[in-house]
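Participant: Sharing a structure with you now.
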Amino acid sequence: MRLRILCMLSVAVVLVGQSVQAQAPRRARALPEEGERAIAVLHGIGKSGVTGYVIFQQVGNRIRVTGKIQGLAPGKHGFHIHQFGDLTDVAKGESAGGHWNPESMPHGAPDTKERHVGDLGNVEANAEKTATIDQYDRMLKFRGHDSIIGRSVVVHEKPDTFVQPTGAAGGRVAFGVIGWAKIEK
Ligand code: CU
Ligand code: ZN
């Protein structure tokens with residue numbers, strides 16, 4: 001009898017231990033982890049010759065977006081996160097799908113409340129065909145239903161003018177899959 005009680009007690013201790021363990025990571029994930037990073041290395045679509053990279057980093061409640069893109073015609077180019085990290089269509093980039101829009105919103109500028117999660121606005125290339133990116137975003141998330149991980153960054157031929165349905169930014173000139181990068185604090 002005493003042995004049986006002892007057995008039951010130890011089972012109970014193990015069960016309590018497991019449930020504490022199971023809850024711990026969930027609590028830790030409630031807040032975004034400072035310094036977490038993701039990167040998209042951009043590949044030219046068709047014969048665009050456009051290359052570059054875009055880095056996403058958690059800074060407080062926002063994500064800082066930095067990067068450098070080379071080989072772009074001088075001027076503005078639509079800059080979005082698209083739904084799929086599928087780069088198989090190297091000729092036109094259509095395999096990346098449409099703008100990442102998990103909340104079924106209209107297309108918009110990055111600083112508007114109603115926009116696709118993937119609407120990052122434009123990048124602007126200088127006379128040396130290079131665009132340098134440094135902007136902050138409140139809507140991008142690394143985790144959960146709206147996560148940008150495994151999706152793609154797409155750079156367009158023309159400027160995003162923020163008209164419906166997708167900004168009239170024309171063809172796609174470069175894309176890259178968003179994957180985890182090393183944390184930097
Ligand atoms: Cu796009
Ligand atoms: Zn959009």
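Read-outs: derived from the displayed coordinates by stated rules, not from any lab. Please read these numbers as outputs of a predicted model, since none were measured by experiment. For neighbour counting, all protein chains shown are included, and Cβ atoms are generated from backbone atoms with ideal geometry for every residue, glycine included.
Participant: Given R₀ = 25 Å, FRET efficiency for His43-Ala168 by Cβ-Cβ distance, to 0.05?
Facilitator: Details: r = 24 Å, r/R0 = 0.95.
Given R0 = 25 Å and the Cβ-Cβ separation, E is 0.60.
Participant: Lys141: which lysines have alpha carbons under 27 Å from its alpha carbon, excluding same-chain residues fewer than 8 sequence positions away?
Facilitator: Straight-line reach from Lys141, under 27 Å: Lys68, Lys76, Lys113, Lys158, Lys182, Lys185.
Participant: Cα to Cα, under 20 Å, and not fewer than 8 places away if on the same chain: which aspartates and glutamates meet these conditions relative to Lys129?
Facilitator: Output for Lys129: Glu157, Asp160.
Participant: As an exercise, use a Förster radius of 35 Å and the Cβ-Cβ distance of Val90 and Ile149 to find the FRET efficiency, rounded to the nearest 0.05.
Facilitator: Details: r = 22 Å, r/R0 = 0.64.
The computed FRET efficiency comes out at 0.95.
Participant: Which order results if Ile39, Ile178 are arranged by neighbouring Cβ count within 10 Å, fewest first?
Facilitator: Working: Ile39 18, Ile178 25.
With the sparsest Cβ surroundings first, the list reads Ile39, Ile178.
Participant: Report the extension gain between Ser104 and Glu34 in nm, rounded to one decimal, defined as 0.36 nm multiplied by the number of residues separating them, less their alpha carbon distance. Could the numbers behind the result be given before it?
Facilitator: On the way: separation 70, 0.36 × 70 = 25.20 nm, distance 2.82 nm.
Once the chain is fully extended between Ser104 and Glu34, it gains 22.4 nm.
Participant: Right, here's the next one. Going by how many other Cβ atoms sit within 10 Å of their own, how do Asp119, Asp137, Asp111 line up, fewest first? Could you put the intermediate results ahead of the total?
Facilitator: On the way: Asp119 28, Asp137 19, Asp111 11.
If I rank by nearby Cβ atoms, fewest first, I get Asp111, Asp137, Asp119.
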